[in-house]
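Visitor: Take this structure first; my questions come after.
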Amino acid sequence: MGWDVFMELFHSTVYFLLYETLVVFIGTSSAFIKVPLSVIHGIKGEPLVLLVEYTFPTEGRNIQGNWQLRRANNTMHLVTFRDSLPIHDMAMESINKFSLHPPNASLLINKLEDSEDGEYTIQVNVKYKGSIKTQNKTIQVTVNVPVSKPAVHMEPASAAVEDVDNVTMTCTVEFGTRVVYQWLLGGSPIPANPRYTFSEDHRKLVISLAKKGDIGEYICVASNLVSKMWSEPSQLNVFYGPYHVKVNSDIKLQVRQVFTVNAGETILFHCSADSNPPNSYVWIHKVNNMTKEIMTGPHFVVNSGEITLTNEYMCCAYNNVTKKQDETQFTVIVANLGNGKEKLAQKASFVSPLAVITTISIITIVFMLFVFLWRRCHPKKVIKQMYTRPLMEQKRPHLSGHEDATDDFGIYEFIAIPGTSEPTRVSNRSLSNLDSVHGPNSHTTIYEVIRHVPDPPSTAPVK
């Protein structure tokens, strides 16, 4: 019996707390119902659930409410419910279209049609102590048809002529509601350009006076709230040019547009230009301020043995569609180069190897000189002796180099003896033995070398 009493008290306490929670929610301004989504984009022909959640315990509570649909100025009652169960339909047409979605008062639209587009409002009434608390929530529903694959129509259908034709592109879809259009060029959004004009809905693109830079693949992207589709690429072709006419040849002796050839040589020139469609080419020879057409086509052959020393030519490029032309001039100089031509042409190629050889030779000589001096002077041995000398000897002042030759001090006489080619030097500490050295005809000069012994440095006694 004790356990039963405890469980009864526990359930009573739980119900009391739930009841007080309900009182708090209803007795204040806090929302006791909520909707996860305030805007829902539905797809036509498919079901849609308008979710509603209670924020208070509903068991044993008296909950009533209804759903309404408002379109423009028309409001239609859909369903009335009590404790998540429908009790009354205000319109017969909504019987098969709308139903409650357990476990609460969420609304199920069985099949979305265009007429279901609008604002759905749920009203919930909770009765407590004889009074009724009411709250409303609204959900905006849009009914959308997915877009079909867009198609692009281009005018002119063939290529446009640069600076002459305007290009119009129109994007269309067979199905779709609330369609938004976007244009891509080469896979990226079209950059801003004063020559590009879009219609209000961006379905149409107009390019004024097409340019070479407009060439590329254009794609229309059609999208709405529930789908997105891309068109097939549409290639825009523009006739342009000619631009950047230039003449090339296999002659190596060329400075800008001046070609130097060896007498008797045959030279092939090639003329090219940036153009669509390809150009027609005409070669012209200028002589004495007069011009003469000598050949057509992109190639021109000159035999230097049949022309003068200096010749001026022109290559003219003409586009038969754009009716534009451009030209470039060049000069051919004939010279008796002989083998010098190859030497001049290859001069630059010899400079680099020669410089490399010279550099390597200098480095080798410097290295051999360094090795010789190293072995000759033994720098390692000298450095070792410097650091292994006694400390007092390292601190001794620099002397003349004859400090230990004590026997060399005394009186010297320089004797010049007739008949001898070299003088004789005699050392003696006294002049007593000088008579035995020289004879009566000798000439002598006496030098006295005085010994000077520096005072030894004073050292402090070691304690």
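The values are calculated or read from the model by the stated rules, or taken from the named source; none is laboratory data. Bear in mind the structure is a predicted one, so any value in this text is a computation, not a measurement. Here Cβ is always computed from backbone atoms with ideal geometry, including for glycine, and neighbour counts include all displayed protein chains. Areas reflect the complete protein model, heavy atoms only, side chains present, ligands, DNA and RNA absent. Shrake-Rupley method; radii C 1.70, N 1.55, O 1.52, S 1.80 Å.
Visitor: Could you grab the relative contact order for the range 218-301? Cα pairs under 8 Å, six or more apart, rounded to a whole percent.
Guide: Relative contact order, the range 218-301: 23 percent.
Visitor: Relative contact order for the range 115-183: what is it in percent, counting Cα pairs under 8 Å that are at least 6 residues apart?
Guide: Taking the mean separation of contacting Cα pairs over the length of the range 115-183, I get 28 percent.
Visitor: Determine how large the accessible area of Lys127 is when every protein chain is in place; take a 1.4 Å probe and give Å² rounded to the nearest 10.
Guide: In the full protein context, Lys127 sits at about 110 Å².
Visitor: Around Met229, with a cut-off of 12 angstrom between Cβ atoms, what is the net charge of the other residues, counting Lys and Arg +1 and Asp and Glu -1?
Guide: Charge balance near Met229 sits at 0.
Visitor: Related question: Which FRET efficiency value, to the nearest 0.05, do you get for His202 and Ile357 by plugging their Cβ-Cβ distance into 1/(1 + (r/R0)^6) with R0 = 51 Å?
Guide: Efficiency, from the Cβ-Cβ distance: 0.15.
Visitor: With r as the distance between the Cβ atoms of Ile284 and Ile365 and R0 = 56 Å, compute the FRET efficiency 1/(1 + (r/R0)^6) and round to 0.05.
Guide: In this case the efficiency is close to 0.40.
Visitor: Ranked by accessible surface with a 1.4 Å probe, highest first, in what order do Tyr318, Tyr281 come?
Guide: Solvent-accessible surface, decreasing: Tyr318, Tyr281.
Visitor: Expected output is a single nm value to one decimal: the length gained when fully extending between Cys377 and Glu232, i.e. 0.36 nm times separation in residues minus the C-alpha distance. What is it?
Guide: 43.6 nm
Visitor: With respect to the cross-link table entries Lys211/Lys246; Lys34/Lys137; Lys97/Lys137; Lys212/Lys323; Lys149/Lys204; Lys211/Lys324, which display a Cα-Cα separation exceeding 18 Å?
Guide: Exceeds cut-off: Lys211/Lys246; Lys97/Lys137.
Visitor: Please compute the length gained on full extension between Ser38 and Thr328, using 0.36 nm multiplied by the number of residues separating them and subtracting their Cα-Cα distance.
Guide: 97.3 nm
Visitor: For Val126, what charge total do you get from the other residues with a beta carbon under 10 Å from its beta carbon, if Lys and Arg give +1 and Asp and Glu give -1?
Guide: Counting the neighbours of Val126, the net charge comes to +3.
Visitor: In whole Hz, with x marking every Gly and Pro, tabulate ³J(HN,Hα) for the range 201-208 from phi via Karplus 6.51 cos²θ - 1.76 cosθ + 1.60, θ = phi - 60°.
Guide: Working through the residues one at a time gives 9, 6, 6, 10, 10, 10, 10, 8 Hz.
Visitor: Amide H neighbours of Ile190 under 5 Å, counting only residues 5+ apart in sequence or on other chains, H built in-plane at 1.01 Å?
Guide: Those qualifying (amide H under 5 Å, at least 5 residues apart or on another chain) are Trp183, Leu185.
Visitor: Same structure, new question: Asp163 to Glu306: extension gain in nm, 0.36 nm per residue of separation minus the Cα-Cα distance?
Guide: Extra length available between Asp163 and Glu306 comes to 47.1 nm.
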